[in-house]
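Here's the structure, in structure tokens; my notes come after.
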Amino acid sequence: MAFREVRVFEVREVLRVWLGGPGFRTIERLVGVDRKTVRRYVEAAVELGLDREGGEEQLTDLFIAQVVERVRPHRVDGHGEAWRLLEGHADQIRVWLENDDLTVTKVGTLLARQGVVVPGRTLRRFTTELCGPRRGRATTVRVADGEPGDELQVDFGRMGLIFDPETDRRRVCHALIFTACCSRHCFVWLSFTQTTAAVIEGCEAAWRFFGGVFRTIIPDNLSAVVDKANPTEPRLNQAFIEYAQDRGFLVDAARVRHPQDKPRVERTVAYVRRSFFAGETFIDLTDAQRRADEWCCSTAGLRIHGTTACRPVEHFALEELPRLLPAPTECYDLPIYASPKVHRDHHIEVAKALYSIPGGLIGQRVDVRADRQLVKVFHRGILVKTHPRQPPGGRSTDPDDLPAEKTVYAMRDLDRLVAMAAAQGPAIGAYATVLLDNPLPWTKMRQVYALLGLVKKWGADRVDAACARAAEAEAFNVGLIGRMLERGAETAPPETVRQQSLLPGRFARPPSDFATKPKEASA
């Protein structure tokens, strides 16, 4: 008869039948335990005080445990002969595991070649105690689900290929899966990308699907959410943190390569891939998303969950939905974040648009947050400028950000330029006004600047007099004003000014070259 461990209920049955008076052969036939084994348990029970006249009340749990301990003494260290055999090869096993990086199965094969044959389970327990648990073999505990409506675990899973009409080819589709920790109700959001915008778009769709916002999100270590991973203090993405602040939930990112931090959604990823995506054909991403919503509410939502023994949809509606935060009513305005450098022209470029910055920051980098309405510029955490958002190719320039001497020209401020000229003299202002009276007035601004340059060189009074004389002669040329001042002709009569304005050509020939000679008389 092969060895078989006698279980506790069989020991109890052996002793109960023996109290009724049958012999060992009868007990062997009735209970199915070898009579030698029956004898050992009965003798041990009698030694511990079992009496046939005392009745079945003697067979308490404590008494049965004492009988079993006497027949099968507990090992002091919990190990048997196989363990003792492995202890003699502990140093070699440690070298194989740590230095040679062999698997436990390979170690068992090498030991067998040396004549050391032990059960595989014993070898795994020995190596775990000797060198620590191998990856994925450490013991774990089941974490409590938490309060209903509190935690929502999130993870990306690769599904397969779906046709994309925009690129006219099939692309890899990823599923952003949301699983409620308490009810196990899940939502699947399909996307071709794993960017911050895609994650936020998926979260917005999840709030609409669930009808509210969970208080805590436990995401995978996504680069779209986590900028720098850390087991205790991960540095989260600024865009996602601001989104969480706007929607009112907290973020508790899982550790890198620690799926046990979010086991609820880890198990759901494989379930979504097998039950929803495998074997299906989708027209495009829109069609796949529509069918994913139906699958979440029907197949996944109405199944009897193996752990909760409830239908996730019903469990969610009863326990979690009333405790969620209110669902958002407005679309989230996802900002753009950038760190451009302030160029020499006092502007930065954000999303192909230009925005002016105070001149003291030229050459330095600033932090920019741009939403649909405003562009906010920060330097070392201080808000230094705010502009209205411009479309690509647009420009927003504040004159106060530019140097005072260049503001008029940069902004093409004709009125201010005329005022600057009039401040030097009435005739200068009138002369500048006539110069700028042109279908393209900004093309004449340099002439007005040249006129103001003459004021610095010759003085406002002389230039004003020259402008008055030139205006009387209807000669509007800044070069003429300069020549008048050099010759001191700003007080000359208008006819002289008009003549000076009609200068000969550079290559003009003298009149004598065109004189005709008289014909000589014929002889």
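The values are calculated or read from the model by the stated rules, or taken from the named source; none is laboratory data. These numbers come from a predicted model, not from an experiment. As a convention, Cβ positions derive from the backbone with ideal geometry for all residues, glycine included, and neighbour counts pool all protein chains shown.
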Worksheet, complete the sentence: Selection from region 322-371 of residues aliphatic (A, V, I, L, M) and under 21 Å from the mean Cα position of the chain (by Cα) yields L334, I336, A338, V350, A351, V368, A370
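Every residue, every condition in (1) assigned to a helix (DSSP H, G or I); (2) modelled with pLDDT under 90, yes or no:
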| position | (1), (2) |
| --- | --- |
| V38 | yes, no |
| A44 | yes, no |
| G49 | no, no |
| L62 | yes, no |
| G78 | no, yes |
| W83 | yes, yes |
| E98 | yes, yes |
| L110 | yes, no |
Worksheet item: Out of curiosity, is L130 farther than 16 Å from R267 by Cα, touching a His at 6+ places or on another chain (Cβ under 9 Å) and outside any loop (DSSP other than H, G, I, E, B)?
Response: no
Discussion item. Can you say whether T105 is buried (at least 17 other Cβ atoms within 10 Å of the Cβ), of a type outside the set (A, V, I, L, M) and free of Cβ contacts under 8 Å to residues at least 40 places away in the same chain, as far as the supplied structure shows?
Written reply: no
Fill in: When residues of region 236-265 are limited to those that are polar (S, T, N, Q) and in a helix (DSSP H, G or I), the one farthest from R215 (Cα to Cα)
Q260
Response to the item:
Q66 fails exactly one of (1) surrounded by 11 or more Cβ atoms within 10 Å (Cβ to Cβ); (2) not assigned by TED's automatic domain parsing to the domain that holds L15, namely (2)
Worksheet entry | Subset of region 141-198 [of a type in the set (G, A, S) and not in a loop (DSSP other than H, G, I, E, B)] | G157, G160, A175, A180, S191, A197, A198
Worksheet entry | T407 being surrounded by 14 or more Cβ atoms within 10 Å (Cβ to Cβ), modelled with pLDDT of 80 or more and closer than 30 Å to E349 by Cβ | no
Practice prompt. Look at V269 and say whether it is part of a helix (DSSP H, G or I) and among the hydrophobic types (A, V, I, L, M, F, W, C).
Written response: yes
Fill in: Selection count, region 331-356, where residues are among the aromatic types (F, W, Y) and closer than 26 Å to G202 by Cα
2
Worksheet item: Condition test on K456, is it basic (K, R), under 30 Å from D345 (Cβ atoms) and modelled with pLDDT under 80?
Response: no
Worksheet item: If you scan region 171-210, which residues turn out to be over 18 Å from R274 (Cα atoms) and among the β-branched types (V, I, T)?
Response: T193, T195, T196, V199, I200
